[in-house]
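Asks: Quick one: this structure, given as structure tokens, is what I'll be asking you about.
The values are calculated or read from the model by the stated rules, or taken from the named source; none is laboratory data. These numbers were taken from a predicted model, which means no experiment stands behind them. Note that we place each Cβ from the backbone using ideal geometry, even for glycine, and neighbour counts take in every protein chain shown.
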Amino acid sequence: MIAGLLAIAGAAALRSAAAGTLRVDEVEIAGASQVIVAVLSAFGCSALCGGYLAGLAALSGGTSPRPSWRWLVSVAVVLQVIAALAIPLTSNDVFNYLLWGHLEAFGGVHAATASPEVLLADPLHLWVGRAWGAFPCVYGPVLIAYFRLISMLSGGTMVAGLIAHKLTMLFASVAWVGLAAAWTRSWGPETSRPALFWLLACNPVWLTEIAGQAHNDGLVVLLVMLAVFAWRRGRQATTVALLAVATSAKYFAIVPFGMLMLWGILRPKDARWTRCRRVLASASVFVAVVVACYAPTWDGWITISYPWSFLTAPQFVGSLLHVAYAAGWLWGPETMLAVASGVGGVFAVLLAVLTLGWIWGWRADPDDGWRPWETSFRFVLLYLVLLTGFFLPWYLTWMLPLVAVVHDRRWWAVVAVYGCSAILYFGWDPLFDLALPAFVSQALRPVLSQGPALIALLRMAGGRSPVPARLWRPGRIYVRRVQ
């Protein structure tokens, strides 16, 4: 894994040197540099994912003697530090953070309601590509405040701001390792705890996208994990407040909140009035915290509706984009929108039916307070596999604090496979573009990104292991030899 992370860092440094800029979007390199970057990226992501799966296989297979907790935590921290050495390679998002923070701190403009003209006039716009250059901030006020603080501390300069963002996410990554260790050392059967820790703390998506490319999802995931801890200690108000803060950063955190409220309503143990009173109290806490988060920068409903309009504009990216391309190739361009919309609608109905089935399953043990968290995990996982409008690997970190409460190790395997396929999807993409015809490269992208996770889920639905046992065996043999 260390060799993989160093190769990724090398690919990022060489790409930036060859391009003459740190910017990622709309920057092309050619010649030997392009080939070397593509090879390093493919090798690095493959080595990283191979080491991760090998470690998970070994820790899941009863390897003896088991490594100590001190050793596991030390390895996880070292991996986070090495991952932080990389500069942006596949994502330009951190430069958007710098732009929005600069507008807030020095431009006197609210990032969520900034006009395209104001955005394009900011000096930091030079590092933001055209695809997102005219977009207002699509995140909530918690992350906007974070962007503003980083910009103020770094003086509004690009290099200092980039370093500040990366250091912040490195601290968040080390904190994530600590939370993962604290959780897994006392959760579930003792024999499965090291594997769960490895799944969470050494996750390749976290390493490359949070520690490496400084995506703000690290802060949101930490908030949700703290909410899980609070729920375990019976502090419902604290749980709801933390989920409200997380929702005021990114909207996905409303999923566990909604499931918890639904569980509180359906729980038959308490009288109906007691259930309603508790749910209303929790909802009041949630609303109050969200209002408190939005109040300092509130400009009316446009604060929410304006950035939301950009996210909900008609567009297909990720897997549905490739469905649209296939429809256009088979039946003509006029069919692209209808076919992709139809496939998305089928997936939405499937997700709704499955979610209702999981909620119905709560009846088997209505007092199990972890059922809504498990259902939230399954919902987020299926949403990302089937419906996500943006297939972006860092979104997969949303599953990590939710899968932490899941005892069924088959779901762990799905998360591991999906995370690795997401990293390989981006890691091998430059090499595909070099070596393969464009239509073959386009066809491989959805197969590699969503295909392995779909296969694992279908195997689970058929009552089999998500990953064939023979695929885990090489990893176990390798780790035994290393030991």
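Asks: For segment 251-279, which positions are assigned to a helix (DSSP H, G or I) and more than 27 Å from the chain's Cα centre (by Cα)? Break it down stepwise before answering.
Replies: Applying the first criterion (assigned to a helix (DSSP H, G or I)) to segment 251-279 yields 251-266, 272-279.
If the condition is that a residue be assigned to a helix (DSSP H, G or I) and more than 27 Å from the chain's Cα centre (by Cα), then G264, I265, L266, R272, W273, T274, R275, C276, R277, R278, V279 are the ones that fit.
Asks: Examine segment 258-278 for a residue that is crowded, with 18+ Cβ neighbours inside 10 Å, within 30 Å of F135 (Cβ to Cβ) and modelled with pLDDT of 90 or more, and state whether such a residue exists.
Replies: Scanning segment 258-278, I find no residue that is crowded, with 18+ Cβ neighbours inside 10 Å, within 30 Å of F135 (Cβ to Cβ) and modelled with pLDDT of 90 or more, so the answer is no.
Asks: While we're on this one: On the basis of being among the small types (G, A, S) and surrounded by fewer than 18 Cβ atoms within 10 Å (Cβ to Cβ), does S154 make the cut?
Replies: no
Asks: Search segment 18-37 for residues that are farther than 18 Å from G129 by Cβ and pair each with any residue that is crowded, with 16+ Cβ neighbours inside 10 Å and polar (S, T, N, Q) when their beta-carbon atoms are under 7 Å apart and the residues are at least 6 apart or on different chains.
Replies: Correct list of pairs: empty, since none qualify.
Asks: In this structure, does E104 turn out to be crowded, with 17+ Cβ neighbours inside 10 Å, charged (D, E, K, R), part of a helix (DSSP H, G or I) and more than 25 Å from the chain's Cα centre (by Cα)?
Replies: yes
Asks: Return the total of residues in segment 157-193 being without any contact (Cβ under 8 Å) to a residue 24 or more places away in the chain, among the aliphatic types (A, V, I, L, M) and crowded, with 18+ Cβ neighbours inside 10 Å.
Replies: 1
Asks: Which of the residues that make up segment 451-483 are in a helix (DSSP H, G or I), at pLDDT below 75 and not β-branched (V, I, T)? Break it down stepwise before answering.
Replies: First, pick out the residues of segment 451-483 that are in a helix (DSSP H, G or I): 451-461, 469-482.
Subsequent filtering for residues that are at pLDDT below 75 retains 469-482.
Result: A469, R470, L471, W472, R473, P474, G475, R476, Y478, R480, R481.
Asks: Something else about it: Going by the conditions given, is A76 closer than 30 Å to A134 by Cβ and either outside any loop (DSSP other than H, G, I, E, B) or modelled with pLDDT under 95 (or both)?
Replies: It is false that A76 is closer than 30 Å to A134 by Cβ and either outside any loop (DSSP other than H, G, I, E, B) or modelled with pLDDT under 95 (or both).
Asks: Which members of segment 208-259 meet the condition of being touching a residue at least 12 places away in the same chain (Cβ under 8 Å) and farther than 23 Å from Y383 by Cβ?
Replies: Listed by number, the residues that qualify are A211, G212, A214, F229, A230, Q236, A237, A241.
Asks: Further question: Test L89 against the stated conditions and say whether it is under 25 Å from A19 (Cα atoms) and without any contact (Cβ under 8 Å) to a residue 40 or more places away in the chain.
Replies: No; evaluated as a whole, the condition is false for this residue.
Asks: Same structure, new question: Can you tell me which residue in segment 111-142 is modelled with the lowest pLDDT, limited to those that are surrounded by fewer than 21 Cβ atoms within 10 Å (Cβ to Cβ) and outside any helix (DSSP H, G or I)?
Replies: Result: G129.
Asks: Additional query: What are the pairs, 6+ residues apart or on separate chains, where a residue within segment 344-361 that is hydroxyl-bearing (S, T, Y) has its Cβ under 9 Å from a residue that is part of a helix (DSSP H, G or I)?
Replies: Taking only residues 6 or more apart or on different chains, the pairs are T355/T375; T355/R378; T355/F379; T355/L382.
Asks: Do you know which residues across segment 18-36 are within 25 Å of the chain's Cα centre (by Cα) and either more than 17 Å from D429 (Cβ to Cβ) or outside any loop (DSSP other than H, G, I, E, B) (or both)?
Replies: Listed by number, the residues that qualify are L22, R23.
Asks: G44: more than 24 Å from N216 (Cβ to Cβ), touching a residue at least 12 places away in the same chain (Cβ under 8 Å) and either not in a helix (DSSP H, G or I) or not aliphatic (A, V, I, L, M) (or both), yes or no?
Replies: Judged against the criteria, G44 is not a match.
Asks: List every residue pair whose Cβ atoms sit under 9 Å apart, with the two residues 6 or more apart in sequence or on different chains, where the first one lies in segment 364-376 and is surrounded by 15 or more Cβ atoms within 10 Å (Cβ to Cβ) and the second, anywhere, is in a loop (DSSP other than H, G, I, E, B) and aliphatic (A, V, I, L, M).
Replies: Matching pairs, first to second residue: W370/V405; W370/V406; W373/A404; W373/V405; W373/V406; E374/V405; E374/V406.
Let's see how each residue does on (1) outside any helix (DSSP H, G or I); (2) buried (at least 19 other Cβ atoms within 10 Å of the Cβ); (3) at pLDDT below 95:
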| site | (1), (2), (3) |
| --- | --- |
| A227 | no, yes, no |
| T239 | no, yes, no |
| A244 | no, yes, no |
| A249 | yes, yes, yes |
| A281 | no, no, yes |
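Asks: Filter segment 1-31 down to the residues that are surrounded by fewer than 17 Cβ atoms within 10 Å (Cβ to Cβ), of a type in the set (G, A, S) and modelled with pLDDT of 90 or more and list them by number.
Replies: Within segment 1-31, A3, A13, A17 meet the criteria.
Asks: Now for a separate question. Scan segment 283-314 residue by residue and report those that are exposed (fewer than 13 other Cβ atoms within 10 Å of the Cβ) and either over 30 Å from P366 (Cβ atoms) or at pLDDT below 85 (or both).
Replies: Within segment 283-314, V291, A295, P296, D299, G300, W301, S305, S309, L311, T312, A313, P314 meet the criteria.
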